[in-house]
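Beneath this line is the structure, given in structure tokens, with notes to follow.
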Amino acid sequence: MKQKIFIPEFGGARAVILHRPHPTVDSLSRQLRAIGLSVEAHWPELPASVMLADYLFFDADMGCDEQFPWPAGEASMPMIALIGSEAPGRIEWALSHNAASKILKPVGDGGVFSGLLIARQTYDARKAMAAEIADLRARLSERQTVVQAVMLLARNAGSEDRAYDQLRQMAMSWRVNIEEAAQRVVAMGLAAKRA
């Protein structure tokens with residue numbers, strides 16, 4: 001089943017360009033404004049207000065890590081690399097910053113809209129995947145709690161299989177996931193031991 005691609009409304013979005021003064025910046029700014037974005041360009045440093053930007057275009061040819069107010073790969077907005085040189089080291093550097101899209105220099109009369117769409121889609125997919133991985137890791141770390149809960153319930157249930165079924169039933173009746181139900185059972189078991 002194909003996932004429907006969301007096409008964002010760019011009107012009112014804010015784009016920041018990190019590039020030395022150059023005709024590339026002028027051409028890019030013109031296209032971004034035509035699409036409906038507000039644009040500001042900076043070089044060589046970014047102001048703190050960049051954290052509120054919706055998109056960041058950066059010079060992959062002359063940029064360096066120190067220009068960004070965050071660690072490599074941790075930008076809070078989609079980053080779009082402006083690439084003029086296909087030197088492997090510069091492309092690797094742009095990728096280390098999680099460039100979600102790229103536009104080749106010199107920037108002509110096209111390519112900016114598709115660059116924005118690809119960047120937004122890639123960035124959002126990356127964020128969703130990171131959240132899902134974090135959730136799965138958290139759930140995996142809770143497996144020990146599930147084992148403890150099953151062992152506590154098995155004392156009265158007679159077997160681990162019946163104890164696990166009992167835990168699943170508790171989770172359903174409490175309308176929580178099994179890990180949360182296990183936390184409750186373990187907390188109740190600890191409270192009972194103290195009493």
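The values are calculated or read from the model by the stated rules, or taken from the named source; none is laboratory data. This structure is a prediction, so every number in the text was calculated from the model and none was measured. Glycine also receives a Cβ, built like all others from the backbone with ideal geometry; neighbour counts cover every protein chain displayed. Side chains are part of the model used for accessible areas, which takes the heavy atoms of the whole protein and leaves out ligands, DNA and RNA. Shrake-Rupley method; radii C 1.70, N 1.55, O 1.52, S 1.80 Å.
Name the helices (complete DSSP H segments) of the chain with a Cα length along the long axis of 15 Å or more and a Kyte-Doolittle mean of at least 0.0, or state none.
112-141, 143-157, 178-194
What distance in nm separates the two pseudo spin-label positions at Gln169 and Phe6, each 7 Å out from Cα along the beta-carbon direction?
Placing both labels 7 Å beyond Cα along the Cβ direction yields 4.1 nm.
Find, to one decimal place in angstroms, the Kirkwood hydrodynamic radius of the chain, where the mean of 1/r is taken over every pair of different Cα atoms and then inverted.
Evaluated on the chain, it is 20.2 Å.
Label the stretch 1-80 by shape, choosing from rounded, prolate and oblate, from the square roots a ≥ b ≥ c of the eigenvalues of the Cα gyration tensor; if a/c is under 1.5 it is rounded, and otherwise prolate applies when a/b is larger than b/c, oblate when it is not.
Verdict is oblate for the stretch 1-80.
Which aspartates and glutamates does Lys102 reach when only Cα atoms under 14 Å apart count, and residues fewer than 8 places away in its own chain are ignored?
The qualifying aspartates and glutamates are Asp59, Asp61, Glu86, Glu92.
How large is the dipole of the chain about the Cα centre if only Lys and Arg carry +1 and Asp and Glu carry -1, each at its Cβ, rounded to the nearest 20 debye?
Dipole of the chain, to the nearest 20 debye: 880 debye.
By how many nm would the segment from Ala72 to Ser114 lengthen if fully extended, with 0.36 nm per residue of separation less the alpha-carbon distance?
12.7 nm
Ignoring ligands, DNA and RNA, what accessible area per residue does the stretch 20-125 give at 1.4 Å, in Å²?
Here the per-residue accessible area is 49 Å².
Go through Trp43, Trp93 and list them by solvent-accessible area, largest first, probe radius 1.4 Å.
Trp43, Trp93
Where Rh denotes the Kirkwood radius from the mean inverse Cα pair distance, what is Rg over Rh for the stretch 1-48?
My calculation puts Rg/Rh at 1.13.
Report the Cα-based extents of the stretch 64-104 along its three principal axes, largest first, to the nearest Å.
25, 17, 13
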